[in-house]
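Novice: First, the structure itself, so that you have it in front of you.
The values are calculated or read from the model by the stated rules, or taken from the named source; none is laboratory data. Because the structure is a prediction, the values reported are computed rather than measured. Here Cβ is always computed from backbone atoms with ideal geometry, including for glycine, and neighbour counts include all displayed protein chains. When the accessible area is computed, the model is the full protein with side chains, heavy atoms only, and any ligands, DNA or RNA have been set aside. Shrake-Rupley method; radii C 1.70, N 1.55, O 1.52, S 1.80 Å.
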Amino acid sequence: MTAVDPALRATRTTCPYCGVGCGVLATPDGSGGAAISGDPEHPANFGRLCSKGSALGETLGLEQRLLYPMIRCSKGRMGRVAWTDALDHVAHRFRHIIARDGPGAVAFYLSGQLLTEDYYVANKLMKGFIGSANVDTNSRLCMASSVAGHRRAFGADTVPGCYEDLDQADLLVLVGSNAAWCHPVLFQRMLANKQQRGARVVVIDPRRTDTAGDADLFLGLKPGTDTALFSGLLVHLADAGALDRNYIDNHTSGFEEALARARCIAGGIGATALATGLSEREVADFFQMFANTSRAVTLYSQGVNQSAQGTDKVNAIINCHLATGQIGKPGASPFSLTGQPNAMGGREVGGLANQLAAHMGFTPPEIDRVRRFWKAPRIATHEGLKAVQMFEAIGRGEIKALWVIGTNPAVSLPDADAARAALKKLELFVVSENVRSNDTVSAGAHVLLPAQAWGEKSGTVTNSERRISRQRAFLGPAGEAKPDWWIVSEVAKRLGFGGAFDFNSAADVFREHAALSAFENNGSRDFDIGALTSLSDAAFDAMAPGLWPNRLGDLQPQARFFADGGFYANDHRARFIAPEIPTLRTEISAGRPLRLNTGRIRDQWHTMTRTGSSPRLGQHLPEPFVEIHPGDAIKFGVADGGFARVVTHYGQCILKVTVSERQQRGMLFAPIHWSEANASAARVGALVAPFTDPFSGQPENKATPVSITPYEYVFRGFALSRVPLELPPHAWWARAAVTGGYGYLLADNADLADWQSWLRAAAGADPAEYRDIAGGVFRAASFNEDRIETCLFMGSARDAGDWNAVKNLFAADKLSDDQRRMLLSGRSIDGLASIGPIVCACFGVGCSTICDAIAAGAGSVAEIGARLKAGTNCGSCIPEMKRLIAQADVADPAHDQHKKALAAS
Ligand code: SF4
């Protein structure tokens, strides 16, 4: 494997989105873009990419990029400055605040999107040289409960298994994980095991997500009851004689206490059913499946981690694997699916406030060891503030200087309005970013530092299975953008720590990171990549993806941990943990009668600063929505396709309503991706309660008490433009990337005449108009020769126009006379037939087209793929196509009969 594929002249790199860590081949097109494909040689994906990874080439534009450093002047305006001035200013202000208020008055807030080298340098500066551990990361919101659970059970933050286990397991249990949307390439790998080896799949989730579509057993348990389910399982394993007594006796401690606690929580199948809201049959089936196999992998993700009892949930799962000895063996392990591309690298370097570095904590010997290695003058001696507490301290004025690097906390933190208000109080607020503007920058940043983005930067990331891969540059830097490790090192030098930050390259940083991992290690710590300490620059550049540990003297990296014990507590035993009796921290009430669950959608990533620029990814679910069960929709008077106001104690949003049986009664679901930069009222983080897990500090994002009421808009519509538009303040809007420009989905109660005036101002020219003010319809478009420049369609829900059809015309360089004449008339026209909302993002196949194919006899995903190509690339849309086929079967039993007859023949 080489850094550049000689046949394609493509650069080998790694996807910047989820923790699957897929290998990518990027072939620059010479004009700032690149062709993207999956790397067939990368062991995480073997050539596959999901819809997000496949669309990476659409996200390389410079339109939104921050291209040079900027400082806010005394009049409040941001102005361009030279790098030297910006770095001098940041160092000077940090030095002043530290000297005046002490190191505890400053903080860094980092990101799971950073490269390991960036993370390493920032952590070293804050913890080793400034002398505070106030350095935390958005990974706190993602998988901190898994880290805490691992450390309690194993004595270290170790992922025991690897992806090959997903191929080799006989039972795959997905808990709180919509892997079909959030880890699609791994999910396809699991389905391949199901199809080829007959592995069974159990999905445990309060929501019947697309992941559940392929499950042999779906357990739609009540929110917050995972601990009860796995406590019940532990009891069942004990009572059914399914324990591995040898493993328990030789390699663990605390089993009897944990079992006794489990009996208190869920002492049998009936008690488990009662606690979880499942039927006894469902519970018994799951318990039997687990007890009857020696090859189970339990994969868990945000549904487990993002909880005020997240660490206990993790340990309840791990307890069952320890009790059966199903850990670190082929096809048998607990497995934390990491959300972000380099959350694992962040964990390795100590990017969390309660870690030091290289998987060391804050015990006196570890502090001393890191101090000596770094030759650190004032190393932090205790844990710092975790994310939520950090922002609370900023709000109280205790932290006065904050440096945010590569993340958007004004959107993603719980109680996000309070977090944003806190940012405005900072004396010094520095943001290192790719983009010129986002909600965090708009919260009042004083200094903006342009960081290199994916495709420009170079270093390493670690995926969910501990595989370190290279992210490589294949484009030149945008403007004056610099690597984050360089920016932090330059500030460190100006603070007087030049000797410790004299790095010339990412390879330099990586070598030091590897050396620290091996320093006085001797097998006492899990994270050891000592074999990579003396890589040359050329070897670093060519480094192939590899698992850790990778110790000096080992013949090859170790794939798994703990099959034969060897845990990292002093006695080398794993700990069974007796979890607390599970209770949710918040109560529903008459005023807040439902619970809000938040999460991701298939084709967007985080706060959309990258995926939001891809027209292909903007097609699947372009509007912020709230999903509700049909029974609750009737009860609370909201209708599918209408709008609703969603209110919690912390904030409110106005969202489009999706009524769905997938949602369980008593719960709402809303996606996390929209911000004030791309929607008027959909910043869901502002709704979420800031309650955190006592061990991990991870917030409870899945069960905030909430109310929902209908919200009426007289008019609906959309606007399309070649340039970004400033929408009127009274409008509800959501922005989506479209081919050739910017799309805005709209709703409003203002007079249509207001929209007419707005459009005339926005279009900057006399637009062609169709007006039926009495009938409540206004449509207008301005043209540049034969191309639409700006257009606006407003009307009642029935007359709002066809967004998908008009988008197609907007994308065209030249409209025919007929198309141009009839664009605004509302009458049907060739070329305006809508394909419906996009299901297959890779080939742009819409819902209507797929439904037509199903109606014409395509009765399986393979048949749809053969006719339309849909689902034949990344496979992310296959669960949705299966749902459409199932719906057609229910709606038209004759279709089902026809399919069965075909199958029989
Ligand atoms: S599964 Fe998709 S988002 Fe995740 S790393 Fe692979 S291509 Fe990227």
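Novice: Arrange the residues His96, His251, His513 by how much accessible surface each exposes, largest first, with a 1.4 angstrom probe.
Specialist: Most to least solvent-accessible, the answer reads His96, His251, His513.
Novice: For segment 282-313 and segment 118-146, what is the separation of their C-alpha centers, rounded to whole Å?
Specialist: 30
Novice: Compute the semi-axes of the equivalent ellipsoid of segment 1-62, taking the square root of 5 times each eigenvalue of the Cα gyration tensor, and list them largest first in whole Å.
Specialist: Listed largest to smallest, the semi-axes of segment 1-62 are 17, 15, 8 Å.
Novice: Here is a follow-up. Sort the following peptides by mean Cβ neighbour count (other Cβ atoms within 10 Å, averaged over residues), highest first: 607-613, 283-289. Walk me through the numbers on the way to the answer.
Specialist: Numbers: 607-613: 24.0, 283-289: 19.3.
Ranked by mean Cβ neighbours within 10 Å, highest first: 607-613, 283-289.
Novice: Another question, then. Take the Cβ-Cβ distance between Glu726 and Ala856 as r, set R0 to 60 Å, and report the resulting FRET efficiency rounded to the nearest 0.05.
Specialist: Once the sixth-power term is evaluated, E becomes 0.85.
Novice: Could you work out how much longer the chain between Glu661 and Arg585 gets when fully extended? Use 0.36 nm per residue separation minus the Cα distance between them, nm to one decimal.
Specialist: Full extension from Glu661 to Arg585 adds 24.7 nm.
Novice: Please say if segment 33-165 is rounded, prolate or oblate, where rounded means a/c under 1.5 for a ≥ b ≥ c the square roots of the C-alpha gyration tensor eigenvalues, and otherwise the choice is prolate for a/b larger than b/c and oblate otherwise?
Specialist: Oblate, because a/c is 1.5 or more while a/b does not exceed b/c.
Novice: Expressed as a whole number of Å, what is the distance separating the alpha-carbon centroids of segment 464-537 and segment 86-104?
Specialist: 24
Novice: With labels modelled as points extended 7 Å from the Cα through the Cβ direction, what inter-label distance (nm, one decimal) is found for Arg100 paired with Ala639?
Specialist: 5.9
Novice: Here is a follow-up. Given labels modelled 7 Å from the Cα in the Cβ direction, how far is it in nm from Gln887 to Gln558?
Specialist: Here the answer is 5.0 nm between the modelled labels.
Novice: If you count, for each residue, the other Cβ atoms within 10 Å and average over each peptide, how do 386-395, 562-571 line up from highest to lowest? Numbers along the way, then the final one.
Specialist: On the way: 386-395: 22.7, 562-571: 16.2.
Result, highest mean first: 386-395, 562-571.
Novice: Among Leu535, Gly618, Gly523, which residue has its Cα furthest toward the positive end of the charge dipole of segment 511-642, with +1 on Lys/Arg Cβ and -1 on Asp/Glu Cβ?
Specialist: The one lying farthest along the dipole's positive direction is Gly618.
Novice: Please report Rg (one decimal) and Dmax (integer) in Å for the Cα set of segment 87-224.
Specialist: 21.3, 65
Novice: Report the gain in length on full extension from Ala82 to Asp417: 0.36 nm times residue separation, minus Cα-Cα distance, nm rounded to one decimal.
Specialist: 117.3 nm
Novice: Considering the options Gly384, Pro477, Tyr247, tell which one lies farthest towards the positive end of the dipole of the chain, charges being +1 on Lys and Arg and -1 on Asp and Glu at the Cβ, about the Cα centre.
Specialist: Going by the charge dipole, the pick is Gly384.
Novice: Find the accessible area per residue for the chain; the probe is 1.4 Å, ligands and nucleic acids are left out, and the unit is Å².
Specialist: 35
Novice: Binning at 5 Å from 0, report for segment 242-287 what percent of all alpha-carbon pair distances ends up in each bin.
Specialist: 5, 20, 21, 18, 17, 13, 6, 0
Novice: If I take all pairs of Cα atoms in segment 580-636, what percentage of them are more than 19 Å from each other? If you can, show how the numbers build up before the last one.
Specialist: Working: 840 of 1596 pairs.
Counting every Cα pair in segment 580-636, those more than 19 Å apart make up 53 percent.
Novice: Per the helix-only calculation at 222 nm, which mean residue ellipticity applies to the chain, given -39500 (n - 2.57) for every DSSP H run of n ≥ 4 and division by its residues, nearest 500 deg cm²/dmol?
Specialist: -9000 deg cm²/dmol
Novice: Further question: Give the peptides 349-358, 669-678 in descending order of average Cβ contacts within 10 Å, highest first.
Specialist: Output ranking for 349-358, 669-678: 349-358, 669-678.
Novice: Report, to one decimal in Å, the Kirkwood hydrodynamic radius for the chain based on all distinct Cα pairs.
Specialist: Values: mean 1/r = 0.0352 Å⁻¹.
Roughly 28.4 Å, rounded to one decimal.
Novice: Next question. Shape call for segment 194-282 from the C-alpha gyration tensor, a ≥ b ≥ c root eigenvalues: rounded (a/c under 1.5), prolate (a/b greater than b/c) or oblate? Provide the component values of the computation, followed by the final result.
Specialist: Numbers: a/c = 2.41, a/b = 1.38, b/c = 1.74.
Oblate.
Novice: Can you tell me how segment 506-641 classifies by the Cα gyration tensor, rounded, prolate or oblate, using a/c under 1.5 as the rounded cut?
Specialist: Oblate shape, in that a/c is at least 1.5 and b/c is the bigger or equal ratio.
Novice: Taking R0 as 51 Å, what FRET efficiency do you get between Gln652 and Asn784 from their Cβ-Cβ distance, rounded to the nearest 0.05?
Specialist: Numbers: r = 40 Å, r/R0 = 0.79.
Given R0 = 51 Å and the Cβ-Cβ separation, E is 0.80.
Novice: Now a separate question. With r as the distance between the Cβ atoms of Asp167 and Thr2 and R0 = 22 Å, compute the FRET efficiency 1/(1 + (r/R0)^6) and round to 0.05.
Specialist: Here the calculated transfer efficiency is 0.25.
Novice: Name the residue from Ala266, Met360, Ile98 whose Cα lies farthest towards the positive end of the charge dipole of the chain, charges +1 on Cβ of Lys and Arg and -1 on Cβ of Asp and Glu.
Specialist: It is Ile98, whose Cα lies furthest towards the positive end.
Novice: Between Arg9 and His92, with labels modelled 7 Å along Cα→Cβ, what's the label distance in nm to one decimal, could you check?
Specialist: Here the answer is 4.8 nm between the modelled labels.
Novice: Next question, about the same structure. Can you grab the distance from the C-alpha centre of segment 791-807 to the C-alpha centre of segment 630-681, Å, no decimals?
Specialist: Taking the Cα centre of each part, segment 791-807 and segment 630-681 sit 23 Å apart.
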